Amino acid sequence: MANRAYLFFINKSSEWEAIENISNVPSLWQELCSIELLLQQRERIERELLLRAEDHNEGIEDERDIYIKIPKNIALDNLRKHINQNNEEECADRTQLRKDFYSFLEEEVSVRGDGIQIDISEIYDLCDTYYDCLLSFHMDETYYQKVIQSEYKIYMIGYCDTFLKYSELYKQWKEDATAKNKEYFNRRAKYERRVRWKEFIENVLLFLFSLVFSGVGVFTFIVQVDYKVSISALLLGFPGVLIFGYNVLEIIKEVKK
């Protein structure tokens, strides 16, 4: 498992769609909930966790989903409350992204579907008390501020290509993140090429060194100088010829791909 959280919903085409995020539930997803809703569903979730633990102990493959179910109208009502708060201390990006998220859910989530489901099955593999964290988000102002201040831009909402057309801010963030990832992988590729080139040179030198030892062993054996010297030289050189020669060929093949 990759320890991701998912926000599932039925879209206008009557197909399941998902937003995903790594390691935690984004703050804007949590704003779709309320204390009352979380407390109402806690008993069901704890029961599912208990059954999942029993399945695990019996060697049964884990197929139980742990999710928070939120009707569309309630999710929008809860999010609208945060929009209407007009928190002056909040950064402008979060305020705008929340409004974009509201428009996205209002337009994309089908009223005929099962509402919104926040799947936290994989998150519980990281933290078995995660539900308490979800409650603290709504009940503990200090914890709430800690979450939103430590949350990196795009992780406020997660990853979803459909959301791009609803938010210029999100679109810019994703473009920036893509550019940074591309730059990182380019640097990584250059570094790996340098490392492989260094390995190639080292293996070539060791191959030549082993070849010389093997040559000395063969020569001394032919001229019958000292069989002990011949055998020692061959034992040192011949395996190296095979090993380092093979490494050189493999690096050459890798470079040609």
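Report the relative contact order of segment 175-234, percent, no decimals, based on alpha-carbon pairs under 8 angstrom and at least 6 residues apart.
Computed over segment 175-234, the figure is 23 percent.
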What are the residues whose amide H is under 5 Å from the amide H of Asp65, where those residues sit 5 or more places off or on another chain and H is modelled from the backbone? none
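Per 0.36 nm of contour for each residue apart, how much would the distance between Leu235 and Glu250 grow if the chain were fully extended, relative to their Cα-Cα spacing? Show your work: numbers first, answer last.
Values: separation 15, 0.36 × 15 = 5.40 nm, distance 2.33 nm.
Length gained, Leu235 through Glu250: 3.1 nm.
Rule-of-thumb check for segment 105-250: C-alpha Rg over 2.2 N^0.38 Å? Before the final figure, lay out the partial values.
Details: Rg = 31.2 Å, N = 146, 2.2 N^0.38 = 14.6 Å.
With N residues counted in segment 105-250, Rg over 2.2 N^0.38 Å equals 2.13.
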Rank Lys198, Lys228, Lys171 by mean-square fluctuation in a GNM of the chain with C-alpha springs under 10 angstrom and give only the top-ranked residue. Lys228
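Using the Cα centre of the chain as the reference point, and only Cβ charges (+1 on K/R, -1 on D/E), how large is the resulting charge dipole? Debye, rounded to the nearest 20.
Details: 33 positive and 44 negative charges, 341 e Å.
Once rounded to the nearest 20, the dipole reads 1640 debye.
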Enumerate the amide H contacts of Ile116 below 5 Å, restricted to partners 5 or more residues apart or on another chain; note that Pro and chain-start residues carry no placed amide H. Ile70, Lys72
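In Å³ and rounded to a whole number, note down the convex hull volume per residue for the Cα atoms of segment 174-257. Display every interim value, and only then the final one.
Details: hull volume 6.4 nm³, N = 84.
Dividing the Cα hull volume of segment 174-257 by its residue count gives 76 Å³.
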Restricting to DSSP H runs of at least four residues, report the calculated mean residue ellipticity at 222 nm for the chain, -39500 (n - 2.57) per run over all residues, nearest 500 deg cm²/dmol. -22000 deg cm²/dmol
Give me a comma-separated list of calculated 3J(HN,Hα) values for segment 136-141, in order, Karplus coefficients 6.51, -1.76, 1.60 applied at θ = phi - 60°, integers in Hz, x for any Gly or Pro. 4, 4, 9, 10, 10, 4
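Among the listed pairs Lys99/Lys190; Lys171/Lys198; Lys81/Lys171; Lys228/Lys253; Lys12/Lys146, give every one whose C-alpha distance is greater than 32 Å.
Values: Lys99/Lys190 41 Å; Lys171/Lys198 41 Å; Lys81/Lys171 25 Å; Lys228/Lys253 38 Å; Lys12/Lys146 36 Å.
From the list (Lys99/Lys190; Lys171/Lys198; Lys81/Lys171; Lys228/Lys253; Lys12/Lys146), the Cα-Cα distance tops 32 Å for Lys99/Lys190; Lys171/Lys198; Lys228/Lys253; Lys12/Lys146.
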Under a 1.4 Å probe, what is the accessible area of segment 165-249 per residue, stated in Å²? 77
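Can you give the alpha-carbon Rg of the chain over 2.2 N^0.38 Å, where N counts its residues? Kindly include the intermediate steps, with their values, before the conclusion.
Numbers: Rg = 29.9 Å, N = 257, 2.2 N^0.38 = 18.1 Å.
In units of the 2.2 N^0.38 Å rule of thumb, it is 1.65.
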Dipole of segment 139-235 [Lys/Arg +1, Asp/Glu -1 at C-beta], most positive-end residue of Ile154, Asn181, Leu205: Leu205
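With a 1.4 Å probe and all protein chains left in place, how much accessible area per residue does segment 9-72 have, in Å²?
Working: 3620 Å² over 64 residues.
That works out to 57 Å² for each residue.
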I'd like the carbon and sulfur percentage of the solvent accessible area for segment 139-187, probe radius 1.4 Å, heavy atoms only, ligands and nucleic acids excluded. 53
Using a Förster distance of 41 angstrom, determine the FRET efficiency expected from the C-beta separation of Lys228 and Arg187, and round it to 0.05. 0.20
C-alpha long axis of helix 168-222 to longest principal axis of the chain, angle in °: 20
For Ser110, the residues 5 or more places away or on another chain with a placed amide H closer than 5 Å to its own amide H are Ile10, Asn11, Lys12
Using 0.36 nm per residue of separation minus the Cα-Cα distance, give me the extension gain between Tyr152 and Lys171 in nm, one decimal. 5.3 nm
Quick check: at a probe of 1.4 Å, how many percent of the accessible area of segment 7-56 sits on carbon and sulfur atoms? 51
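The values are calculated or read from the model by the stated rules, or taken from the named source; none is laboratory data. Here the structure is a predicted model, which means the values were calculated and not measured. Reconstructed Cβ throughout: ideal geometry from the backbone, glycine too, with neighbour counts over all protein chains shown. Note: accessible area is taken over every heavy atom of the protein model, side chains too, but ligands, DNA and RNA are not part of it. Shrake-Rupley method; radii C 1.70, N 1.55, O 1.52, S 1.80 Å.
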